[in-house]
1. Which members of segment 28-52 meet the condition of being assigned to a helix (DSSP H, G or I), touching a helix residue (DSSP H, G or I) at 6+ places or on another chain (Cβ under 8 Å) and without any contact (Cβ under 8 Å) to a residue 12 or more places away in the chain?
2. Say we look at segment 96-116 and pick out the residues that are among the aliphatic types (A, V, I, L, M) and assigned to a loop (DSSP other than H, G, I, E, B); which of these is modelled with the lowest pLDDT?
3. In this structure, does residue 14 turn out to be in a loop (DSSP other than H, G, I, E, B) and either within 20 Å of residue 74 (Cα to Cα) or not hydrophobic (A, V, I, L, M, F, W, C) (or both)?
4. Sort out which residues of segment 80-99 are closer than 10 Å to residue 9 by Cα and among the hydrophobic types (A, V, I, L, M, F, W, C), and write them in order of number.
5. Of all the residues that make up segment 78-88, how many are surrounded by fewer than 20 Cβ atoms within 10 Å (Cβ to Cβ) and modelled with pLDDT of 95 or more?
6. Go through segment 53-95 residue by residue and tally those that are closer than 21 Å to residue 32 by Cβ and in a strand (DSSP E or B).
7. When residues of segment 20-48 are filtered for being farther than 17 Å from residue 8 by Cβ and either of a type outside the set (Lys, Arg) or buried (at least 18 other Cβ atoms within 10 Å of the Cβ) (or both), how many remain?
8. Please find, among 75, 51, 62, the residue that is exposed (fewer than 15 other Cβ atoms within 10 Å of the Cβ) and under 20 Å from residue 2 (Cβ atoms).
Amino acid sequence: MGNKAVLCLRDNDEQGFSEDAIGIYLHWDGSESSIIDFLRLARERMGSRLGDVEYAKARLIGVIHDEIDGNLSLGIGIVKELEYYSDNGTYIIDCKTLTISGRAYNDLDEDYSYCE
């Protein structure tokens, strides 16, 4: 039991869900509001470097690490090796803009244009 989610990190919004992408696993902090907060903080941290996808991926991981206390609830791996199909499912993250570009393995059909 938890509030699980996986963030599927993609280089742009045209790339959808991929089991072979880099993923961030969250056990207790996988709600939509938490993800939006993490992305907002990472965009602020990136500042004028927003768009540098490799640095954005690393900074997003760093922001999430800083926001979660203790030594649980955060993992990194290839999406197919993580629990991408449970609780909140998988958020597809456009690392060029650090926004949610889609979602998989959840029951919601949502528009994420407001996350920018």
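1. Selection gives 49 alone.
2. Initially, segment 96-116 is screened for residues among the aliphatic types (A, V, I, L, M), giving 98, 100, 104, 108.
This time we only want the ones that are assigned to a loop (DSSP other than H, G, I, E, B), so: 98, 108.
Working: 98: 98, 108: 57.
Within segment 96-116, the match that is modelled with the lowest pLDDT is 108.
3. Numbers: in a loop (DSSP other than H, G, I, E, B): yes; either within 20 Å of residue 74 (Cα to Cα) or not hydrophobic (A, V, I, L, M, F, W, C) (or both): yes.
So residue 14 passes the test.
4. Within segment 80-99, 92, 93, 95, 98 qualify.
5. Number satisfying all stated conditions: 3.
6. 8
7. Of the residues in segment 20-48, 9 are farther than 17 Å from residue 8 by Cβ and either of a type outside the set (Lys, Arg) or buried (at least 18 other Cβ atoms within 10 Å of the Cβ) (or both).
8. On the way: 51 fails: under 20 Å from residue 2 (Cβ atoms); 62 fails: under 20 Å from residue 2 (Cβ atoms).
One residue alone meets the criteria, 75.
The values are calculated or read from the model by the stated rules, or taken from the named source; none is laboratory data. Treat the numbers as computed from the prediction; the structure is a model and nothing was measured. Note that each Cβ is placed from the backbone with ideal geometry, even for glycine, and that neighbours are counted across all protein chains shown.
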